[in-house]
Amino acid sequence: MKPHNLIKIVTVGIVGFLFSTILNASSSYPIKMTSFMDKAGNTIGTLTPGTKLDVIKVSGKKTKVRVHGWSAFGAETVIFKQVGKRIILSILDESVISKVKKGQSKTDEFESVWNESSFTGWVKTSALINSQEKIWEKADNLFKQRCGGCHQAHPPHEFTANQWPNIVKAMKDRAGLSIDDQWLLTKYMQAHAKDIK
């Protein structure tokens, strides 16, 4: 067998495995910062690593998914995980805000109004896995490699979910984090913060 034919077989096998894994999952998670697209493939937003997505349909190399969370009044382009927590799930283009489905409203401790929000779009199937834990394992390894070189690393439960984005941002250059690494580490630290159950 010629090497290029073997590569084709292996590639088809891997794509088939990913396709069947995503197809059989009710939820999937972006591995890294991932484009959120309309059906035509135009980018209409971004999804952050580890965001839980409801899988609606797998069609070839794309998967139709729904993100569900909360948007603060006046900041409708951002969907957060919880009311009052800056755990960003998705950042949407302003052109699609009218397509965000709204649910109930809640007011947080600072009298800010939050609307339950969900949005449906498409992502590349290859950008998803069906285990959030595997994403957090990668983030934990990154944390252990990069966050203890100059000082004692602060465990995730030492700070709140709202404190972690600024802490990671302040340390990104010293820790040599890329933008994708910064988002991954931020989401991991927030998911394990002292005020998240």
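The values are calculated or read from the model by the stated rules, or taken from the named source; none is laboratory data. None of these values were measured; they are calculated from a predicted model. Every residue, glycine among them, receives a Cβ derived from its backbone with ideal geometry; neighbour counts consider all protein chains shown.
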The listed residue being basic (Lys, Arg) and at pLDDT 95 or above, out of LYS32, LYS39: LYS32
Sole exception among (1) at pLDDT 95 or above; (2) loosely packed, with under 13 Cβ neighbours inside 10 Å for VAL10, by number: (1)
Pair list, Cβ under 7 Å, 6 or more apart: segment 58-77 residue surrounded by fewer than 18 Cβ atoms within 10 Å (Cβ to Cβ), other residue of a type in the set (Lys, Arg): LYS61/LYS124; LYS64/LYS57
Residues of segment 77-105 satisfying the condition of being more than 16 Å from the chain's Cα centre (by Cα) and either of a type in the set (Gly, Ala, Ser) or more than 15 Å from THR46 (Cβ to Cβ) (or both): VAL83, GLY84, SER95, SER98, LYS99, LYS101, LYS102, GLY103, GLN104, SER105
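Conditions tested, residue by residue: (1) part of a loop (DSSP other than H, G, I, E, B); (2) touching a Ser or Thr at 6+ places or on another chain (Cβ under 9 Å).
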site	(1), (2)
SER71	no, yes
ILE79	no, yes
ARG86	yes, no
SER105	no, no
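Looking at segment 160-191, which of its residues are part of a loop (DSSP other than H, G, I, E, B), without any contact (Cβ under 8 Å) to a residue 40 or more places away in the chain and buried (at least 19 other Cβ atoms within 10 Å of the Cβ)? Steps first, answer last, please.
Taking segment 160-191 first, the residues part of a loop (DSSP other than H, G, I, E, B) are 160-163, 176-178.
Right, trim to without any contact (Cβ under 8 Å) to a residue 40 or more places away in the chain and you get 160, 163, 176-178.
Across segment 160-191, the qualifying residue is only LEU177.
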PHE110 vs. criteria hydrophobic (A, V, I, L, M, F, W, C) and either surrounded by 16 or more Cβ atoms within 10 Å (Cβ to Cβ) or touching a Pro at 6+ places or on another chain (Cβ under 6 Å) (or both): no
So GLN82, is it closer than 23 Å to PRO165 by Cα and in the same structural domain as VAL168 (by TED's automatic domain parsing): no
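Confirm whether ILE135 is in a helix (DSSP H, G or I), touching a Pro at 6+ places or on another chain (Cβ under 9 Å), surrounded by 13 or more Cβ atoms within 10 Å (Cβ to Cβ) and modelled with pLDDT of 90 or more. Break it down stepwise before answering.
Working: in a helix (DSSP H, G or I): yes; touching a Pro at 6+ places or on another chain (Cβ under 9 Å): yes; surrounded by 13 or more Cβ atoms within 10 Å (Cβ to Cβ): yes; modelled with pLDDT of 90 or more: yes.
Against the criterion (in a helix (DSSP H, G or I), touching a Pro at 6+ places or on another chain (Cβ under 9 Å), surrounded by 13 or more Cβ atoms within 10 Å (Cβ to Cβ) and modelled with pLDDT of 90 or more), ILE135 qualifies.
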